[in-house]
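Here, each number is a calculation from the coordinates, and none is a lab measurement. Being a predicted model, the structure only gives us computed values, none of them experimental. Every residue, glycine as well, gets a Cβ built from its backbone with ideal geometry; the counts of neighbours run over all protein chains shown.
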Amino acid sequence: ATTLLDSGFAAYRAAPVPLPQERPLQLKVKGSTEETVPLDYAALPTTALLPAESAGQLTVQLELPDTLEAPVTRGQTVGKAQLLCGEAVQGEYPVCAAADAPRMDVDPSEDTQHELHDRPIKHNGAEDQYLKPYGKTVPLI
């Protein structure tokens with residue numbers, strides 16, 4: 001029995017899982033008050049048990065979108081990491097958002113401040129002047 005166990009353990013190795021050097025640490029978010037959301041790769045194991053002869057062929061392939069659509073919640077799966085040995089998939093693990101990115105109520109492309117403050121006012125003798133942002137007035141020409 002000991003010989004059988006020894007041969008079984010000799011045939012396999014615990015190989016370290018290599019994280020891609022060029023992996024994104026955050027993704028852009030559209031329609032949110034946050035510009036980006038950090039990524040969490042914690043579900044990816046640090047080691048994998050593989051046949052001894054193929055332990056050096058371990059790679060990780062990421063499938064992530066270029067941008068996310070708000071709202072994004074912390075812990076939400078936003079992509080996946082595939083653990084490959086050669087071309088054979090050994091496992092798939094979720095890549096999650098590490099923070100919230102709430103939906104924005106107002107479209108940032110609409111400059112509502114400009115629309116509100118760029119009108120003629122007629123109050124206390126300030127007729128024919130425009131109220132600019134931060135309360136500055138300029139005469140009409």
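Quick notes on this structure:
- 11 Å cut-off, amide nitrogen to a point 7 angstrom out along residue 30 Cα→Cβ, residues in region 65-88: 66-70
- Additional length obtainable on full extension of the chain from residue 54 to residue 2, 0.36 nm per residue less Cα span: 16.3 nm
- Cα-projected label distance for residue 80 with residue 105, points at 7 Å along beta-carbon direction, nm: 3.8 nm
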